[in-house]
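What follows is a short report on a single structure.
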Amino acid sequence: MKLLLIVSMVQFIAMFRENHNYFKYFTMVHIIDLIPSALTAALKEAKKIVIFTGAGASADSGIPTFRDALNSHWSKLNPYDLASPEGWEKDKELVWAWYEGRRGDVMKAQPNKEHLGIAQLELDTRYSVSVITQNVDDLHERAGSRSVLHLHGSLFSPMCEKCGKSFKFPESPPVNTPKLMPPNCQVCDHAIRPGVVWFGEALPQDVFETAEKLALKSDLFLCVGTSGVVTPAALLPLAAKNSGAFVVEINPNPSDIKADLHWEVSASEGISRILEFVISLRK
Ligand SMILES: NC(=O)c1ccc[n+]([C@@H]2O[C@H](COP(=O)([O-])OP(=O)(O)OC[C@H]3O[C@@H](n4cnc5c(N)ncnc54)[C@H](O)[C@@H]3O)[C@@H](O)[C@H]2O)c1
Ligand SMILES: [Zn+2]
């Protein structure tokens, strides 16, 4: 009797080993439980996916969102004084020091499962995946994403405030201090400013136009970790939706983004589950 039971179990396991579909079936059941069905349906149909990321996408790497950063040791500072041309004119040493502190924090951080998962999705031949970010860090690139559209510039591309000439940072890590004199431009001697887009400044036109085209052509548009309040970037999900894309928000605290689906999970959790599902489709 015991032997019969063992033989049947061996046969049972062999049957599953031979027939990948059983495995696929059970894996799918498991993964489907973890992803809203509307999203799995969209992932099966989609060809062009746009992933639109905000500060929440880097939160799992320990990079504070704008709000969190202001709640920490910078809490007494006014965001406008740190991120506007007027704030820059008022106190360049304060602004330069703040951005150098942030650059140092980013250099110490590592890409999380969201950044790494997106880079993996880009390799899937089923899709054409584009990454549009509002983030000024380089975690998508360090995770392996090949072409990332930075709508709001980058902490790593400072430039002359007057002539726009780019500036190369020294190899030494940035110092963390309340005030720091910005370096001077080698061409015109004006101050070097952070290469990020501040309140009241225009987005780089070519980057925004490319982002808009991608949004309009996408069939699945994922908004990951953004409050969707900073325009014109926040207009992209709406443009995508109006042109027929299925728009999904991945955020533990859903925003007012006009999404078809608000999925209340963290960026790393959401993208990991999507990747797992996409891998299961390949089997
Ligand atoms: N890492 C960066 O480069 C960085 C960091 C801070 C701010 N910013 C700038 O601040 C501006 C603010 O706009 P924003 O919408 O990007 O940020 P935001 O601070 O306005 O909103 C962050 C959003 O992320 C969500 N969030 C928090 N933790 C999350 C997680 N683990 N997973 C998923 N979502 C999570 C929050 O609920 C919130 O909706 C942007 O223009 C951006 O350039 C960039
Ligand atoms: Zn210059």
PRO111 meets each of (1) within 16 Å of ligand 2 (Cβ to nearest atom); (2) in contact with a Lys or Arg (Cβ under 7 Å, 6 or more places away or on another chain) with one exception, condition (1)
Every pair of residues 6+ apart whose Cβ atoms lie under 6 Å, when the first sits in region 207-221 and is polar (S, T, N, Q) while the second is crowded, with 23+ Cβ neighbours inside 10 Å | SER218/VAL50; SER218/ALA240; SER218/ALA245
Residues that are touching a Ser or Thr at 6+ places or on another chain (Cβ under 9 Å): which helices (runs of 4 or more DSSP H) entirely in region 184-283 hold 3 or more of them?
-> 205-217, 267-282
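Here's the yes/no breakdown for (1) touching a helix residue (DSSP H, G or I) at 6+ places or on another chain (Cβ under 7 Å); (2) under 27 Å from ASN112 (Cα atoms); (3) of a type in the set (A, V, I, L, M):
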{"site": "ASN176", "(1), (2), (3)": "yes, yes, no"}
{"site": "GLN186", "(1), (2), (3)": "no, no, no"}
{"site": "GLU201", "(1), (2), (3)": "yes, no, no"}
{"site": "VAL224", "(1), (2), (3)": "yes, yes, yes"}
{"site": "LEU236", "(1), (2), (3)": "yes, yes, yes"}
{"site": "ILE250", "(1), (2), (3)": "yes, yes, yes"}
{"site": "ASP256", "(1), (2), (3)": "no, yes, no"}
Can you find even one residue in region 148-163 that is among the charged types (D, E, K, R), without any contact (Cβ under 8 Å) to a residue 12 or more places away in the chain and away from ligand 1 (no atom under 16 Å from the Cβ)?
-> no
Selection status of LEU222, in contact with a strand residue (DSSP E or B) (Cβ under 8 Å, 6 or more places away or on another chain), away from ligand 1 (no atom under 16 Å from the Cβ) and among the hydrophobic types (A, V, I, L, M, F, W, C) = no
Return yes when ALA239 is away from ligand 1 (no atom under 16 Å from the Cβ) and either surrounded by fewer than 21 Cβ atoms within 10 Å (Cβ to Cβ) or touching a residue at least 40 places away in the same chain (Cβ under 8 Å) (or both) and no when it is not.
-> yes
Condition test on GLU141, is it among the acidic types (Asp, Glu), assigned by TED's automatic domain parsing to the domain that holds ALA267, within 22 Å of PRO173 (Cα to Cα) and surrounded by 17 or more Cβ atoms within 10 Å (Cβ to Cβ)?
-> yes
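Per-residue answers, yes or no, for (1) in contact (Cβ under 8 Å) with a residue 24 or more places away in the chain; (2) assigned to a helix (DSSP H, G or I); (3) over 22 Å from the mean Cα position of the chain (by Cα):
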residue: ASP81; (1), (2), (3): no, yes, yes
residue: GLU89; (1), (2), (3): no, yes, yes
residue: VAL95; (1), (2), (3): yes, yes, yes
residue: TYR99; (1), (2), (3): yes, yes, no
residue: MET107; (1), (2), (3): yes, yes, no
residue: HIS115; (1), (2), (3): yes, yes, no
residue: ARG146; (1), (2), (3): yes, no, no
Mind checking whether some residue in region 195-203 is within 16 Å of ligand 2 (Cβ to nearest atom) and within 25 Å of the chain's Cα centre (by Cα)?
-> yes
So is GLU212 surrounded by fewer than 16 Cβ atoms within 10 Å (Cβ to Cβ) and of a type in the set (D, E, K, R) or not?
-> no
Going through region 151-168 in order, the residues found to be under 22 Å from HIS140 (Cβ atoms) and within 16 Å of ligand 2 (Cβ to nearest atom) are SER157, PRO158, MET159, SER166, LYS168
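The values are calculated or read from the model by the stated rules, or taken from the named source; none is laboratory data. Just so you know, these numbers come straight off a predicted model, no measurement behind them. Please note: Cβ atoms are built from the backbone with ideal geometry, for glycine as well, and neighbour counts cover all protein chains shown.
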